[in-house]
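The values are calculated or read from the model by the stated rules, or taken from the named source; none is laboratory data. This structure is a prediction, so every number in the text was calculated from the model and none was measured. In this analysis, Cβ positions are derived from the backbone assuming ideal geometry, glycine residues included, and neighbour counts consider all displayed protein chains. Only protein heavy atoms, including side chains, enter the accessible area calculation; ligands, DNA and RNA are left aside. Shrake-Rupley method; radii C 1.70, N 1.55, O 1.52, S 1.80 Å.
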Amino acid sequence: MNSIMGIILTGGKNYKLKELTSIRASAAIPVGGKYRAIDFVLSNMVNSGITNVGVLTQYSFRSLMDHLGSGKEWDLDRRNEGLFIFPPYLSGENSGWYRGSADAMYNNITFLKRSKEEYVVVAQGNCIYKMIFDDMLNYHIDKNADITIAYRDMNDFPAGELPHLGIMELGADGRITDMEEKPLNPKGTCASMGIYLIKRKLLITLLEEAVAHGNYDFVKDVLIKKINTLNIYGYRFDGYWRGISTIQMYYKCNMEFLNPAIREELFINNGKIYTKVKDETPAKYNEEAEVKNSIVADGCIIEGYVENSVLFRGVTVKKGAVIKDSIIMQGSVIEQDSTLQYAVLDKDVMITNGKYLKGEPNWPIIISKDVVV
């Protein structure tokens with residue numbers, strides 16, 4: 001797909017993810033045993049033949065830059081085009097922090113102007129889904145659209161999650177007639193997936209116009225304000241999609257990875273999901289180990305009981321420990337006779353002997369990185 005380039009927005013600080021984003025951008029949050037959230041949109045672009053991708057970072061971008069590196073794992077370490085990471089910068093006139101998504105793109109508008117592709121896919125970096133963008137581009141061209149927004153009927157979402165999304169109303173022809181960003185009282189369940197397709201030159205014009213008028217948010221100040229003057233269409237997507245914007249949705253998404261049908265859609269169909277490669281020994285299960293319906297990454301040592309859980313690389317579960325319905329990130333240690341249920345442990349957490357921690361399915365316990373409990 002040489003006629004299209006990609007821009008990935010990683011956003012600012014997300015307070016709804018609490019301790020999990022105190023040290024990292026939401027796009028860098030670990031998911032599924034060995035991945036980061038940004039791996040999914042970046043792999044979707046690569047699987048669609050997009051080889052010119054810019055990542056606009058802002059908040060706590062060090063871990064994100066370390067993860068992406070030169071783009072080698074995504075075959076984007078190229079002499080021409082490839083992966084470009086744009087952190088915020090300091091200058092005499094600029095504080096360095098972007099005031100919104102439109103401001104982030106405008107401050108890197110040279111990247112857009114120097115690129116040669118006709119179209120741009122702008123996408124959020126904290127969403128979990130598998131999509132090839134060819135069909136969306138064909139739909140965009142067939143509709144003679146100025147902007148196309150991918151959307152999905154979120155009828156499988158808890159009602160409390162809908163106010164975190166952009167809710168859309170569409171006409172019979174697919175044109176978007178109304179759109180509200182994060183409404184308190186959503187009028188429906190059709191919501192934006194945070195994926196926008198637009199001609200590169202039109203995007204440049206819209207960004208320059210918005211910033212000239214003191215507007216900095218791409219959704220509120222460009223898309224919503226232009227609904228009546230531009231041909232903005234919705235492209236319906238019926239596959240799996242989760243936006244990692246709250247603790248509840250992060251927990252739900254990881255638990256859904258235990259569903260074989262969802263794993264097949266995300267990791268087998270329509271190309272691979274690529275991530276940073278780390279050389280680890282295979283997981284080791286001792287004689288006392290018992291594991292049911294769980295994802296266990298490389299380097300784990302299991303001596304206890306694990307059920308309905310996601311264990312990242314290098315997790316140690318000692319003899320007599322019980323882990324149920326939990327997410328345990330890299331390098332954490334669960335000592336003997338401890339019990340965890342409905343818990344999310346960040347990296348390098350130690351749960352000492354005999355501890356009992358239990359949250360609720362809708363309010364899992366969160367333990368910050370490097371904490372000893």
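Working only within region 284-315, note down all residues that are open to solvent by 30 Å² or more (accessible area, probe 1.4 Å) and not in a loop (DSSP other than H, G, I, E, B).
K284, Y285, E290, V291, K292, I295, V296, I301, Y305, E307
Yes/no matrix, rows are residues, columns are (1) among the basic types (K, R); (2) in contact with an Asp or Glu (Cβ under 8 Å, 6 or more places away or on another chain); (3) at pLDDT below 95; (4) part of a helix (DSSP H, G or I):
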{"residue": "F40", "(1), (2), (3), (4)": "no, no, no, yes"}
{"residue": "S43", "(1), (2), (3), (4)": "no, no, no, yes"}
{"residue": "N94", "(1), (2), (3), (4)": "no, no, yes, no"}
{"residue": "A104", "(1), (2), (3), (4)": "no, no, yes, yes"}
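Among the residues in region 183-203, are any among the β-branched types (V, I, T), within 22 Å of F133 (Cβ to Cβ) and loosely packed, with under 13 Cβ neighbours inside 10 Å?
no
If a residue must be over 13 Å from A297 (Cα atoms), open to solvent by 80 Å² or more (accessible area, probe 1.4 Å) and touching a residue at least 24 places away in the same chain (Cβ under 8 Å), how many such residues does region 264-283 contain?
Looking only at that region, the number is 2.
Considering E181, E169, which residue is within 21 Å of the chain's Cα centre (by Cα) and among the acidic types (D, E)?
When all the criteria are applied, what remains is E181.
Residues that are touching a residue at least 24 places away in the same chain (Cβ under 8 Å), surrounded by fewer than 23 Cβ atoms within 10 Å (Cβ to Cβ) and on the phi < 0 side of the Ramachandran plot: find the strands (runs of 3 or more DSSP E) completely inside region 317-373 holding 2 or more of those.
Where strands (runs of 3 or more DSSP E) fall fully within region 317-373 and carry at least 2 residues being touching a residue at least 24 places away in the same chain (Cβ under 8 Å), surrounded by fewer than 23 Cβ atoms within 10 Å (Cβ to Cβ) and on the phi < 0 side of the Ramachandran plot, they are 365-367.
Being in contact with a Ser or Thr (Cβ under 8 Å, 6 or more places away or on another chain) and open to solvent by 40 Å² or more (accessible area, probe 1.4 Å) is the filter; apply it to region 64-74 and report the residue that is modelled with the highest pLDDT.
The qualifying residue modelled with the highest pLDDT is E73.
In region 316-333, which residue that is within 15 Å of E290 (Cα to Cα) and of a type outside the set (D, E, K, R) is farthest from the chain's Cα centre (by Cα)?
Applying the filter and picking the extreme gives G320.
Within the group F111, F61, F84, which residue is crowded, with 16+ Cβ neighbours inside 10 Å, within 30 Å of M255 (Cβ to Cβ) and touching a residue at least 24 places away in the same chain (Cβ under 8 Å)? Step through it out loud before you land on a result.
Details: F111 fails: within 30 Å of M255 (Cβ to Cβ); F84 fails: within 30 Å of M255 (Cβ to Cβ).
Every option except F61 fails the conditions.
Do you know which residues across region 209-239 are open to solvent by 50 Å² or more (accessible area, probe 1.4 Å), touching a residue at least 12 places away in the same chain (Cβ under 8 Å) and of a type in the set (K, R)?
Correct list: K220, R236.
Would you call I244 buried (at least 17 other Cβ atoms within 10 Å of the Cβ) and modelled with pLDDT under 95? Break it down stepwise before answering.
Working: buried (at least 17 other Cβ atoms within 10 Å of the Cβ): yes; modelled with pLDDT under 95: yes.
Yes: the conditions hold for I244.
Could you grab me the full set of residues in region 152-182 that are free of Cβ contacts under 8 Å to residues at least 24 places away in the same chain, part of a loop (DSSP other than H, G, I, E, B) and open to solvent by less than 40 Å² (accessible area, probe 1.4 Å)?
The one that is free of Cβ contacts under 8 Å to residues at least 24 places away in the same chain, part of a loop (DSSP other than H, G, I, E, B) and open to solvent by less than 40 Å² (accessible area, probe 1.4 Å): G171.
Can you pull out every residue in region 1-25 that is modelled with pLDDT of 90 or more and not in a loop (DSSP other than H, G, I, E, B)?
Answer for region 1-25, where residues must be modelled with pLDDT of 90 or more and not in a loop (DSSP other than H, G, I, E, B): I4, M5, G6, I7, I8, L9.
Cβ contacts < 7 Å: first residue farther than 16 Å from M136 by Cβ and modelled with pLDDT of 95 or more, restricted to region 197-208; second residue part of a helix (DSSP H, G or I) and open to solvent by 70 Å² or more (accessible area, probe 1.4 Å), any location; separation 6+ or different chain. Result?
I204/K113; L207/Y106
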